[in-house]
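The values are calculated or read from the model by the stated rules, or taken from the named source; none is laboratory data. Not measured: the values here are computed from a predicted model. With ideal geometry, Cβ positions are generated from the backbone for all residues, glycine too; neighbour counts draw on all protein chains shown. Note: areas computed on protein heavy atoms with side chains; ligands, DNA, RNA excluded. Shrake-Rupley method; radii C 1.70, N 1.55, O 1.52, S 1.80 Å.
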Amino acid sequence: MKKPTLIETLITTLLLTSSLSTIASEAKFQVAVVKGAVGSVDIAKGELAQGIEKLTANEKSADFYANKMNLCVAYLQSNNSEKSESACTKAIASLESLPSANNDVRYLTSLNYSNRGVARYRKNQLNAALTDFKFAASLDDNPITARNLASIRRILPTAKVEDTAVLSD
């Protein structure tokens, strides 16, 4: 079976607009998976255990960044924030070897940082989540990264969200 190219993967990217919230009054975040990659159908259907099993069964396919990205979301939706953050970090690392000047790579990297931001939010690592959401939006200000950044800014105290200003005499 032919391994899909980056462009083919981007064309089939499914933005899984899954609202993740632990309390109804909290912000809702969106996460992204790659359609057509291993486990994506299972994840979209909510069959997380089956998706995780497929994504972790074959070590060779687990190295593909799309599978790492999907594993991140599957763990996140199954409330396993530790494994989710680790999978997101691995997905980010797997994209770092590609040319960052490429718009497609920046787009995918931004989605992975945003996904990791959601995982960090779920672990109550709010500053780390904010950092990931800001970085994601700076790479590619797509609707998911922009919405997630806006969502965390709504729930964090203003003092924590504002960038530090340098005061002079």
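Would you tally the residues in region 28-52 being over 12 Å from Gln77 (Cβ atoms), free of Cβ contacts under 8 Å to residues at least 40 places away in the same chain and surrounded by fewer than 19 Cβ atoms within 10 Å (Cβ to Cβ)?
The qualifying residues number 4.
Looking at region 81-111, which of its residues are touching a residue at least 60 places away in the same chain (Cβ under 8 Å) and farther than 17 Å from Ala137 by Cα?
Answer for region 81-111, where residues must be touching a residue at least 60 places away in the same chain (Cβ under 8 Å) and farther than 17 Å from Ala137 by Cα: just Leu98.
Just for region 114-133: of the residues that are under 15 Å from Ile92 (Cα atoms) and of a type outside the set (Gly, Ala, Ser), which one is most open to solvent (accessible area, probe 1.4 Å)?
Among them, the one singled out is Thr131.
Among (1) open to solvent by less than 40 Å² (accessible area, probe 1.4 Å); (2) over 19 Å from Ile52 (Cα atoms); (3) out of contact with any strand residue (DSSP E or B) (no Cβ under 6 Å at 6 or more places or on another chain), which single condition is Asn148 missing?
(3)
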